[in-house]
Amino acid sequence: MIPATDPEADYHALVRRGYDACARSYHEARKTQAPTELQELMDRLDDAAAVLDLGCGAGIPIARSLAARHRVTGVDISQAMVDMARRNVPAGDFICADVASIGFDPSSFDAVVAICSIFHLPREQQPALFQRLHRWLRPGGYLLCTLSHHNEAGYTEDDFFGVTMYWSNYSLDEYLETLAGVGFNVLETSSTARGIEETTLEVTKDHPLVLAQTR
């Protein structure tokens, strides 16, 4: 872990370049089965609900699972990932954009799913993202997202599928406080392993998986 403290560095661009470079190897290492909690979310939604997959990657397994019953829009900062998602999930609508700046109309979605994506955004920008997610959701809409257990200032690692990657996160308690302040009720908090196969990298690290609903 290398502290990411350069005030001149563009860590959004670093994430984009990193995933563009490792898109194929990362996609091939992804688990093909979505976490069971995704099915639990889908069962709460009416058929053909509008769902936003934030940080969709190559579309497998999350967007593909969502598209079986719902209308899915995927957003990813990596054009290489978006190109693969369009091939893997032809029923979806995929956009290459930075989650920190993309905009949608209020009440555009019935649910937002963000698996292993929010902690790639500098943490000081994350509360504003949660506010925007709340605004994009319809009343009673759901947010399913992986967060982090511990408070960690921004850092990079040079061994993420052969590229440099950036992370930054608050502790779970801080995230839960932020979600409540924005206007979410937290329904469930569970834990999920990293979404890659056990033969690649270390997979002992898990992430809190939070299901919340707009008030």
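Residue ranking by accessible heavy-atom surface, 1.4 Å probe, largest first, among Ser101, Ser190 comes out as Ser101, Ser190.
Gain on full extension, evaluated as 0.36 nm per residue between Thr32 and Asp159 minus their Cα-Cα distance, stands at 43.4 nm.
These residues, Asp53, Asp110, Asp158, go from largest to smallest accessible area, 1.4 Å probe, as Asp158, Asp110, Asp53.
Computed on protein heavy atoms with a 1.4 Å probe, the accessible areas place Arg138, Arg71, Arg44, Arg30 in the order Arg71, Arg44, Arg138, Arg30, largest first. Sequence-distant contacts, meaning Cα pairs under 8 Å at least 6 residues apart, place the relative contact order of the chain at 21 percent.
Each of Gln79 and His150 was given a label point 7 Å from its Cα along the Cα-to-Cβ line. The distance between the two points is 3.8 nm. What the pair-distance distribution of the range 1-129 shows, using all Cα-Cα distances binned every 10 Å from zero, is 12, 43, 34, 10, 1 percent.
Rounded to whole numbers, the Karplus 3J(HN,Hα) couplings from phi for the range 33-42 are 9, 6, x, 4, 5, 5, 5, 4, 5, 4 Hz, using 6.51 cos²θ - 1.76 cosθ + 1.60 with θ = phi - 60°, and x at Gly and Pro. Extension gain, Met1-Asp173: 0.36 nm per intervening residue step, less the Cα-Cα distance, totals 59.6 nm. Where only DSSP H runs of four or more residues are counted, the chain gives -9500 deg cm²/dmol as its mean residue ellipticity at 222 nm, each run worth -39500 (n - 2.57). The slack between Ala180 and Gln39, meaning 0.36 nm per residue of separation minus the straight C-alpha distance, is 48.4 nm.
Go ahead and run the numbers for FRET between Ser101 and Glu188, Cβ-Cβ distance against an R0 of 41 Å, rounding to 0.05. According to the calculation, E is roughly 0.85.
For the chain, DSSP calls about 55 percent of its internal beta bridges antiparallel. Dipole size of the range 53-209 about its Cα centre, with +1 on Lys/Arg Cβ and -1 on Asp/Glu Cβ: approximately 720 debye, rounded to the nearest 20.
How big is the gap, in Å, between the Cα center of the range 13-28 and the Cα center of the range 91-123? About 18 Å separates the Cα centre of the range 13-28 from the one of the range 91-123. Of the whole protein surface, Tyr166 contributes about 10 Å² of accessible area at a 1.4 Å probe radius.
Scaled against 2.2 N^0.38 Å for its residue count N, the alpha carbon radius of gyration of the range 70-215 is 1.05.
The values are calculated or read from the model by the stated rules, or taken from the named source; none is laboratory data. Just so you know, these numbers come straight off a predicted model, no measurement behind them. Ideal geometry is used to build each Cβ from the backbone, glycine not excepted, and the neighbour counts take in all protein chains shown. Side chains included, ligands, DNA and RNA excluded: accessible areas come from the protein's heavy atoms. Shrake-Rupley method; radii C 1.70, N 1.55, O 1.52, S 1.80 Å.
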